[in-house]
Amino acid sequence: MSSARKQAPPELAAVAGEAVRHLEWLRDAGVAEVPVPGRPPPSPTATRTPTTAGAPPSSTAPSPASVGAPSRYALADKGCGSPELLAVRERLGECTRCNLAGGRKKMVFGVGNPRAELMFVGEGPGGDEDLQGEPFVGRAGQLLTRMIEAMGFARSEVYIANVVKCRPPENRDPQPDEIEACEPFLKAQIDAIRPRVIVALGRFAVQTLLRDGSPIGRQRGRWREYQGVRCMPTFHPAYLLRSPDEKGKAWEDLKLVMREFGKEPRQGRP
Ligand code: SF4
């Protein structure tokens with residue numbers, strides 16, 4: 001009998017590959033245990049702490065820092081200002097889970113108040129963001145900052161993140177597999193921050209958070225819900241730079257958000 005290992009049939013290899021990808025996704029989403037039929041459930045000490053109703057799971061795995069191992073990341077890093085966010089950043093690591101890893105200069109995790117009540121979610125980093133490692137710092141970012149300030153908030157009071165953390169080459173749209181690979185980390189960030197309101201900026205943020213592929217022009221200005229958090233879809237600032245006539249509609253959407261925080265819209269718009 002030959003000692004050579006038999007090759008698995010192609011269908012079996014495809015199923016096994018799919019299973020591995022699914023388990024990797026669960027791991028990235030912070031799931032520490034997968035029940036196995038016929039085996040007793042994990043002990044209570046191994047069970048994750050329940051999150052707020054409907055919220056995505058956050059990592060309860062100890063960070064390297066908390067078990068004494070040196071960490072490459074720190075609370076002072078951009079977007080990591082709480083132990084929960086730092087744990088997400090550590091889990092992300094020097095991520096190579098999708099093709100976008102190859103083209104990035106800096107990963108753009110997020111920025112802002114780790115306990116923000118208001119969070120903005122955009123699409124992905126552009127050239128300036130890729131260089132600086134901070135979301136929304138280019139022209140679109142300057143417009144977003146003016147929008148935030150016109151709403152009566154400081155940029156440092158809110159939290160800003162993107163659907164994908166690495167720059168798509170030539171600023172192309174992020175692809176479905178790239179969004180799928182990065183999405184667990186956005187969810188974990190939202191779970192760590194627990195904002196009262198999320199403003200979803202543009203098509204990709206809305207599609208990712210709300211699973212709704214209808215045009216942003218039809219979705220904007222209507223309150224939706226993302227895992228128990230109120231969510232307001234509106235136009236992306238980059239689109240507003242290209243289509244300044246739409247700024248008035250975006251400002252109407254942001255005024256609805258302001259009212260949610262008891263802030264009175266002033267005259268004019270950013
Ligand atoms: S875009 Fe997200 S999933 Fe892809 S390499 Fe960057 S951090 Fe990883």
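So here's what we get for this one:
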| quantity | calculated |
| --- | --- |
| Test: residue 80 is in contact (Cβ under 8 Å) with a residue 24 or more places away in the chain, open to solvent by 10 Å² or more (accessible area, probe 1.4 Å) and among the hydrophobic types (A, V, I, L, M, F, W, C) | no |
| Qualifying positions in segment 76-94 - at pLDDT 95 or above, away from the ligand (no atom under 16 Å from the Cβ) and assigned to a loop (DSSP other than H, G, I, E, B) | 81, 82 |
| Residue match in segment 249-259 (condition: open to solvent by 10 Å² or more (accessible area, probe 1.4 Å), away from the ligand (no atom under 16 Å from the Cβ), in contact (Cβ under 8 Å) with a residue 24 or more places away in the chain and under 29 Å from residue 83 (Cα atoms)) | no |
| Count - residues of segment 208-224 that are open to solvent by less than 30 Å² (accessible area, probe 1.4 Å), without any contact (Cβ under 8 Å) to a residue 24 or more places away in the chain and under 28 Å from residue 89 (Cβ atoms) | 1 |
| Test: residue 213 is more than 16 Å from the ligand (Cβ to nearest atom) and at pLDDT 95 or above | no |
| Search result, residues across segment 185-207 that are open to solvent by 10 Å² or more (accessible area, probe 1.4 Å), touching a Ser or Thr at 6+ places or on another chain (Cβ under 9 Å) and assigned to a loop (DSSP other than H, G, I, E, B) | 194 |
| Of all residues making up segment 96-111, the number that are farther than 18 Å from residue 86 by Cβ, in contact with a Gly (Cβ under 9 Å, 6 or more places away or on another chain) and near the ligand (Cβ under 8 Å from one of its atoms) | 2 |
| Some residue of segment 224-234 being within 16 Å of the ligand (Cβ to nearest atom), of a type in the set (S, T, N, Q) and in contact with a Leu (Cβ under 8 Å, 6 or more places away or on another chain) | no |
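The values are calculated or read from the model by the stated rules, or taken from the named source; none is laboratory data. Computed from a predicted structure; not experimentally measured. Here Cβ is always computed from backbone atoms with ideal geometry, including for glycine, and neighbour counts include all displayed protein chains. These area figures cover heavy atoms from the full protein model, side chains too; ligands, DNA and RNA do not enter into them. Shrake-Rupley method; radii C 1.70, N 1.55, O 1.52, S 1.80 Å.
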